[in-house]
Amino acid sequence: MSLIAAGGVFIVGVFTYNKWQEYKAKKSVERVFASEHEDVLMRAGSGSDTVHPGGARHEPSFSLDGDSTPDHAAPAGAYGDGDEPETPVVRTADASTPPEELATALVDPLIDCLLPLALEAPARGDKLLPALQKLRLVGNKPVHYIGLAVSGEWEPVKHGGVYTKLQGGVQLASRTTALNELEYSELVQRLRAMADEIGAEPEIPDMMEVMQEAKNLHRFVAGHDAQLGVNLQSNGAPWAINTLIAALEKQGFDVRPDGRYVMPDGEGGHLFSLSTNVTLAEETTSRLTLLLDVPCVAPARDGFGSMIACAKSMAGRLDASIVDDFSQPLADQALAEIAGQVQEFYADMDRNDIPAGSTRALRLFS
């Protein structure tokens with residue numbers, strides 16, 4: 001009877017502890033990410049962005065003429081061979097960027113699970129880097145490291161530096177998935193082995209809290225995964241691909257080796273992309289699709305405005321009409337309404353401390 005009573009007390013204690021941990025995790029996450037806000041690009045009457053089991057993603061859709069008929073942003077096969085949109089380029093800071101800003105860009109408390117590593121003694125970056133390179137990815141989540149230099153500043157670990165502490169960070173979510181239990185268990189196992197190699201003691205965060213933060217962050221990413229597209233439909237015969245490539249280059253597009261076309265932003269990234277909607281083996285196409293990855297382009301760059309201006313210019317050059325996915329003409333009034341919704345979307349991202357086009361946004365929406 002005593003053993004039964006002791007066992008019962010133990011079980012109740014474990015259950016109570018777990019519930020308390022869940023409560024703390026929920027409150028800490030809610031303070032950072034509000035998941036109940038209205039998704040400004042997916043309002044009733046303006047379309048929806050549905051996230052399906054298994055990570056499948058549908059583009060946001062819009063009702064452009066006051067009815068309930070959706071205008072999907074990107075048709076099936078919009079990338080020629082059915083691939084996903086190209087991963088956005090995360091711009092690297094120049095040499096004038098302060099080390100602390102570089103460090104925050106790599107290990108960000110808002111989107112990373114922090115992994116403090118206490119070194120037994122100061123260590124050189126030359127010794128640390130080979131070991132750190134062994135743990136750079138868990139699943140599809142990147143792992144980054146920064147070090148507390150002897151100067152007293154946090155900076156990316158580099159050759160020639162001497163560090164008294166390290167801070168690791170694994171990204172909690174990406175466009176496709178959240179960090180899960182299996183990935184976290186693998187991370188902890190590999191982190192301990194790496195820490196033993198460099199003479200460090202890792203501080204492992206509570207798994208339950210980390211999982212809750214990862215799920216909540218991924219919910220935010222899924223709710224703001226907005227891509228907007230317009231189509232150019234030929235008014236006559238289909239365009240020859242060889243002739244079209246020359247026209248696109250004159251328009252300013254860069255032609256990638258995989259057959260994709262992007263409009264560069266002048267700083268290593270791109271504003272929007274273009275698809276011919278056919279495979280590389282095809283010789284003609286009668287439809288082009290311009291696509292803007294909304295959270296990956298800063299408001300100051302006016303990606304949507306630039307895309308529409310480009311579409312209008314190309315429509316004149318190629319004798320084409322700007323249409324939705326159902327081949328219905330897109331009027332200027334409808335495009336202006338979408339532009340207003342894009343501005344609301346940007347404001348909503350700002351309120352959540354993840355500005356569109358920022359390093360933080362580019363990391364999450366990749």
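Taking the numbered list (1) touching a residue at least 60 places away in the same chain (Cβ under 8 Å); (2) within 19 Å of the chain's Cα centre (by Cα) in turn, Ala178 passes all entries but (1).
Output the residue which, of all residues in the stretch 143-166 that are among the hydroxyl-bearing types (Ser, Thr, Tyr) and open to solvent by 30 Å² or more (accessible area, probe 1.4 Å), is nearest to Ala200 (Cα to Cα).
Per the stated criteria, the residue is Thr164.
Residues of the stretch 217-230 that are open to solvent by less than 60 Å² (accessible area, probe 1.4 Å) and either under 30 Å from Ser275 (Cα atoms) or in contact with a Lys or Arg (Cβ under 9 Å, 6 or more places away or on another chain) (or both): His218, Phe220, Val221, Ala222, Gly223, His224, Asp225, Ala226, Gln227, Leu228, Gly229, Val230. Note on the stretch 202-253: residues that are charged (D, E, K, R), in contact with a Phe, Trp or Tyr (Cβ under 8 Å, 6 or more places away or on another chain) and closer than 27 Å to Ser306 by Cα amount to 1.
Scanning for something in contact with a strand residue (DSSP E or B) (Cβ under 8 Å, 6 or more places away or on another chain), closer than 24 Å to Met349 by Cα and free of Cβ contacts under 8 Å to residues at least 60 places away in the same chain, does the stretch 119-128 turn up at least one residue? Taking every residue of the stretch 119-128 in turn, none turns out to be in contact with a strand residue (DSSP E or B) (Cβ under 8 Å, 6 or more places away or on another chain), closer than 24 Å to Met349 by Cα and free of Cβ contacts under 8 Å to residues at least 60 places away in the same chain. The residue of the stretch 234-268 that is surrounded by the most Cβ atoms within 10 Å (Cβ to Cβ), among those that are touching a residue at least 40 places away in the same chain (Cβ under 8 Å) and of a type in the set (Lys, Arg), is Arg260. When the stretch 106-128 is limited to residues that are open to solvent by less than 20 Å² (accessible area, probe 1.4 Å), within 12 Å of Val162 (Cα to Cα) and of a type in the set (A, V, I, L, M), the one that is farthest from the chain's Cα centre (by Cα) turns out to be Ala123.
Scanning the stretch 283-300 turns up at least one residue that is within 30 Å of Thr359 (Cα to Cα), of a type in the set (Ser, Thr, Tyr) and out of contact with any Phe, Trp or Tyr (no Cβ under 7 Å at 6 or more places or on another chain).
The values are calculated or read from the model by the stated rules, or taken from the named source; none is laboratory data. All values derive from a computational prediction rather than experimental measurement. When we count neighbours, we look across all protein chains shown, and the Cβ atoms used for this are built from the backbone with ideal geometry, even at glycine. Side chains included, ligands, DNA and RNA excluded: accessible areas come from the protein's heavy atoms. Shrake-Rupley method; radii C 1.70, N 1.55, O 1.52, S 1.80 Å.
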